[in-house]
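Quick note: the coordinates plus some simple rules give every number you see, no bench work behind them. This is a predicted model, so every value here is computed, not measured. Here the Cβ positions follow ideal geometry from the backbone for every residue, glycine too, while neighbour counts run over all protein chains shown.
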Amino acid sequence: MNSITETLLPPAEEANPVGGIDQSAGNFSYDVKYAFDAGTGLSDKTVEFISETKKEAPWIREFRLNALKTFLAKPMPTHWATKDLDNIHFDKIRYYLSSGQKPKRTWEEVPDDIKRTFERLGIPEQERKFLAGVEAQFDSEAAYSNIKETVSKQGVIFVNSTEGLREHPEIFRKWFGKVIPTGDNKFSALNSAVFSGGSFIYVPPGVKVSHPLQAYFRINAENFGQFERTLIIADEGAEVTYMEGCTAPKFSTSTLHSAVVELVALKGAKIQYITVQNWAANVFNLVTKRGLAHEEAEIKWIDCNIGSRLTMKYPGVVLKGRKARGEVLSIALANDGQHQDTGAKMIHAADETTSNIIAKSISVGQGRSTYRGIVHIPRHLKGCKNNTECDALLINSSSRTDTYPAITVRGDRHSVQHEASVSKVSEEQIFYMQQRGLTEAQAMSLSVNGFVNELARQFPMEYSVELKRLIDLQMEGSVG
Amino acid sequence: MSQLEIKDLHVAIGDKAIVKGVTLTIRKGEVHAVMGPNGAGKSTLAKAIAGHPDYTITSGDVLLDGRSILEMEPDERARAGLFLAFQYPSEIPGVSIANFLRAARQARLAEGEEIDATDYYKRLYQKMDLLKIDRKFTSRSVNEGFSGGEKKRCEILQLAMIEPLFALMDETDSGLDVDAMKIVSEGVNQLRGPGLGILLITHYQRLLNYIVPDFVHVMVDGRIVKSGDKSLALELDAKGYDFWVKKGEPVAK
């Protein structure tokens, strides 16, 4: 049995220049003894260790080693992004840590220290309340993975990527790396080399999963890199909602989270993918997310970024089939020391495809939010539509927001709308609310909640409640 | 008996003195009207009492039930029982009137105590019926795209729901609009009573045709130059402000 030692981390590390977020709910870690540890730094050996530990087929091992080459060959994208990326020390990161590769099917079997973590985060409770299935990843591997029997009986597969590759290679291999090729960007290459964990979901034709499937990603170890890989396939006419949450303790050193998420919606299928990202303020969150929507299919990304030190994430949809629909609803909150560089990509590749992007960002204190978007409609298509709305809210005069919308539309048979706004919470507005009895923090919270309200209403109830709670916590920490 | 005492209050914006020694006591249940020409410092007086950060109190004191409120934050003053009806209320996009008022009432509960939604809506609808406000009104965002009259209605509804001890009503410029004036006066007449003291700030005597004050004060150049009962308002109407301006100090610009 592992001994349980809890390390309580100081609420605000002085050594860490990144402050401001109340991470108290997730700011704890347990001293876990890892049976599998790839050590520090990245080389062929690291990749081979991971592949061997997972007892992978030779093609996966080759895939990983090639990806490592691509990663090493690609330059950092600092020229268009941010110099903060240069502060990631790839040689100091631990790339694989786990206590075993086989997730447990019941919480009773999960080792005490890990179970305790997820209980503290309320995962088993949420599972009982409103979820169709849960996967709980602890550092590199899923510690728990379960799907309700009613759902698995419909033929729905919901396992982690390690199991998916082992037990369903015929489906997995067909789509793996097809939506996001290894060389898409430096971090998708890194993920392809060292990926571990993440979900594999397959929903058979016509099956509509009534409740959401949820994955929870927890980083427990310091100097760790989490590289989950998620692949979701909704077969013809199928429907599924997937939600992910995440937390990490706030260490004084930086942590890297770099996921790759690929979605495939076949003819008439619908996938809704919801993220509430609440990483600690020392986490670099560099994630590539893209979906492929076939004829009349619909992919919707709901993406909320509250935590992390730097997030770079632009969920995209490739609208491959006629009448496919893509949507990104995005909320980003950048507090002191945080940079949320988020946005959306919509690639129209068939007639009568529709895309919608609504992005709202809030910058607090020294926080910086950036919207970066691509909408591409080529000349030979007809009847494509895009709507892009980007609204930014600045809380303080030192807050910063930038918008880089790149909308390329060729041909004259399309309809495109773009609106952008920047507003500021004024002192008058705060005074007005204070005069009604709200504290300054409550007043700011209410302004921010009002700003995102219309968008948050489109989220499932549990998540809009969670979002509101996180905003309240953030604003509480930002004044006084 | 609850009372709001303003004692020799001096207020400045930056280096500029605006209110130059106002003394006034309002007891619960009384309606005081403060009248005066533009630039006399009437709005400044109200905002300074409410704790607006742009106004500096250079000397004097404001006591609520014998306790100075000058060290209190604006929200603490509000929770202690002070309400300011704004001349130009702010918009709060995306926040419905119902949710805003709920947050305001919630802020008055003890830590950990949660507002009872059923009670809250019952009370809200009661007040809306009293003030003849359409039910749909409260699902709109606070003041967003409101007409002048709607803004007044929203302020009066907030006053009714928050139930302060004292209301400072800054109606300086808005007396021009007859509809707005009626909304304010009907609201005040509905809500006035032994539990509420009102300081009604107005530029135009006309408002006092609808609201009969217990006391009238004439404010010129940062000072109250004359106090009396409601008949003073009529006198003022007949003689105009110039009469006092000439008698008193020149009007500040």
For peptide A:419-427, the mean count of other chain Cβ atoms within 10 Å per residue Cβ is 1
For peptide B:76-82, the mean count of other chain Cβ atoms within 10 Å per residue Cβ is 3
The equivalent-ellipsoid semi-axes of chain A, taken as the square roots of five times the Cα gyration tensor eigenvalues and listed largest first in whole Å, are 31, 29, 22
Under a Gaussian network model of chain B whose springs join Cα atoms within less than 10 Å, the largest fluctuation of B:Y88, B:Y121, B:Y55 belongs to B:Y121
Non-local residues with an amide H under 5 Å from the amide H of A:K270, with H modelled 1.01 Å from N and Pro and chain starts lacking one, are A:A238, A:E239, A:V240, A:E298
Applying the gyration tensor rule to the Cα atoms of the range B:63-154 (axes a ≥ b ≥ c; rounded if a/c under 1.5, else prolate if a/b exceeds b/c, else oblate), the class is oblate
CD proxy, 222 nm, chain B: helix-only mean residue ellipticity via -39,500 (n - 2.57) per DSSP H run with n ≥ 4, per residue, nearest 500, stands at -10000 deg cm²/dmol
Rg/Rh of the range A:280-401 (Cα atoms, Kirkwood Rh), to two decimals, equals 1.06
Expressed as a whole number, the average count of other chain Cβ atoms within 10 Å around the Cβ atoms of B:92-105 is 5
Given unit charges at Cβ for Lys, Arg (+) and Asp, Glu (-), the dipole magnitude of chain B about its Cα centre in debye, nearest 20, is 520 debye
Sorted on mean Cβ neighbours within 10 Å (highest first), peptides A:223-229, B:62-68 come out as A:223-229, B:62-68
Longest principal axis of chain B (C-alpha) makes with the long axis of helix B:97-106 (C-alpha) an angle, in degrees to the nearest 10, of 90 degrees
Looking only at lysines whose Cα falls under 21 Å of A:K115's and that sit 8 or more positions away or on another chain, we get A:K33, A:K102, A:K104, A:K129, A:K148, A:K250
Projected area averaged over all directions for the convex hull of the alpha carbon atoms of the range B:3-247, nm², comes out at 13.3 nm²
The simple spin-label model distance between A:F90 and A:D412, using points 7 Å out along Cα→Cβ, in nm, is 4.9 nm
For B:I18, the residues 5 or more places away or on another chain with a placed amide H closer than 5 Å to its own amide H are B:V11, B:A12, B:I13
Over the Cα atoms of the range A:427-480 the radius of gyration and the largest Cα-Cα distance (Dmax), both in Å, equal 11.7, 33
